[in-house]
Amino acid sequence: MPKIEEAKKFLNDIGMPKSQQSDLCALTILAMADIKPNDEWKNATNTWIRIHDIISFVNLYYGTTYAENSRETIRKSALHNFRTAALIEDNGESTNSPNYRYRITAETLKVISGIGANQETESIKRFLAYHKRLVDLYSSKKKMTMIPVKINGAELLFSSGKHNELQKAIIEEFAPRFAPNSECLYVGDTIQKDLVKNVEKLKELGFEITLHDKMPDVVLYREECDWIYFIESVTSVGPMDPKRIIEISDMTSKVSSGKIFVTAFLDFATFKKFADSLAWDTEVWIADVPDHMIHFNGDKFMGPR
């Protein structure tokens with residue numbers, strides 16, 4: 001039986017829905033297990049892997065032609081569902097970080113390594129008997145590592161990771177100091193993209209948001225000054241460089257409020273990596289020294305241009 005069909009049978013046997021028994025999902029499992037067409041399943045591995053690596057693997061060894069813009073399809077169709085079913089796990093990094101990885105769980109690897117062997121049926125029975133507890137285990141593990149944050153007076157939870165640790169600091173440390181009495185209109189999460197999104201207020205201020213627009217990580221509105229703070233939480237990518245300023249300015253061309261562009265970093269070491277790419281007329285805030293700002297504004301300090 002060809003490897004793709006064997007992978008589909010595995011997904012069926014462990015109870016994945018029909019939509020997760022597709023060629024794409026089977027190929028994703030094969031790539032994550034590092035199983036080539038002539039490999040034996042007993043040699044499966046569960047090393048950390050990027051979506052880019054999955055695409056490269058299946059194109060090279062299975063003759064597919066997936067392009068890099070297929071990443072979101074793979075993420076939504078396969079990886080999100082596999083993670084929910086506790087077949088795989090992620091390393092907790094921000095999804096836009098180059099260090100973000102997935103891998104097959106140790107429990108799933110035991111089953112995959114037995115595909116085609118005499119003990120396959122028993123292995124799957126044991127897995128299914130334990131599977132519900134396994135899902136609960138990984139769900140509890142996720143909840144234990146969630147980061148509590150107070151946003152607009154409400155207690156919410158960020159998923160774990162440095163990116164969200166910095167976003168928590170922006171809301172709880174930066175905002176009271178440099179955007180007092182501001183309201184959080186938008187903040188994303190590495191898993192739940194739009195954790196807070198006040199669409200009504202954003203539209204009232206003149207935002208024209210489409211599905212293709214990439215919002216800044218945090219958007220604060222200080223009504224007493226009619227200032228909007230656009231803040232990027234940078235741990236590995238995405239500072240307020242000239243290109244990003246143009247993107248946000250285009251998205252907010254009908255917004256008349258004063259616009260303040262801020263790049264937030266966890267520490268000076270990360271700031272130094274991006275210092276030469278930051279746009280003029282922007283601000284820098286470093287969580288390690290929360291009482292201070294670095295101004296790239298030339299003739300003025302904090303405030304819209």
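The values are calculated or read from the model by the stated rules, or taken from the named source; none is laboratory data. This is a predicted model, so every value here is computed, not measured. Using ideal geometry, Cβ is built from the backbone for each residue, glycine included, and neighbour counts are taken over all protein chains shown.
For residues that are crowded, with 17+ Cβ neighbours inside 10 Å and at pLDDT below 90, scanning just the range 219-247, find the one that is farthest from E173 (Cα to Cα). Checked the range 219-247; the qualifying residue farthest from E173 (Cα to Cα) is G238.
Go through the residues of the range 30-38 one by one and say whether even a single one is farther than 19 Å from A106 by Cβ, in contact (Cβ under 8 Å) with a residue 24 or more places away in the chain and buried (at least 16 other Cβ atoms within 10 Å of the Cβ).
No; the residues of the range 30-38 include none that is farther than 19 Å from A106 by Cβ, in contact (Cβ under 8 Å) with a residue 24 or more places away in the chain and buried (at least 16 other Cβ atoms within 10 Å of the Cβ).
Entry remark, the range 239-259: residues being part of a loop (DSSP other than H, G, I, E, B) and touching a Phe, Trp or Tyr at 6+ places or on another chain (Cβ under 9 Å) number 7 in total. The residue pairs whose first member lies in the range 236-256 and is under 21 Å from Q167 (Cα atoms), whose second member is among the aliphatic types (A, V, I, L, M), and whose beta carbons are closer than 8 Å, counting only pairs six or more residues apart or on different chains, are P239/L278; M240/V262; M240/L278; M240/A279; D241/L278; D241/A279; R244/A279; I245/A279. Just one of the listed residues (K168, K201, K197) is over 22 Å from V284 (Cβ atoms), at pLDDT 85 or above and not small (G, A, S), namely K201. Here V284 meets each of (1) farther than 22 Å from K168 by Cα; (2) surrounded by 14 or more Cβ atoms within 10 Å (Cβ to Cβ) with one exception, condition (1). Across the range 42-54, what is the total count of residues that are surrounded by fewer than 20 Cβ atoms within 10 Å (Cβ to Cβ) and not polar (S, T, N, Q)? Of the residues in that region, 5 qualify. Scanning the range 260-280 for residues that are buried (at least 18 other Cβ atoms within 10 Å of the Cβ) and not aromatic (F, W, Y) gives I260, V262, T263, A264, L266, T270, L278. If you go through the range 220-238 and keep only what is over 20 Å from S97 (Cα atoms) and in a strand (DSSP E or B), you end up with L220, Y221, R222, W227, I228, Y229. In the range 82-109, which residue that is at pLDDT 90 or above and surrounded by fewer than 21 Cβ atoms within 10 Å (Cβ to Cβ) is nearest to the chain's Cα centre (by Cα)? Residue satisfying both the conditions and the ranking: R101.
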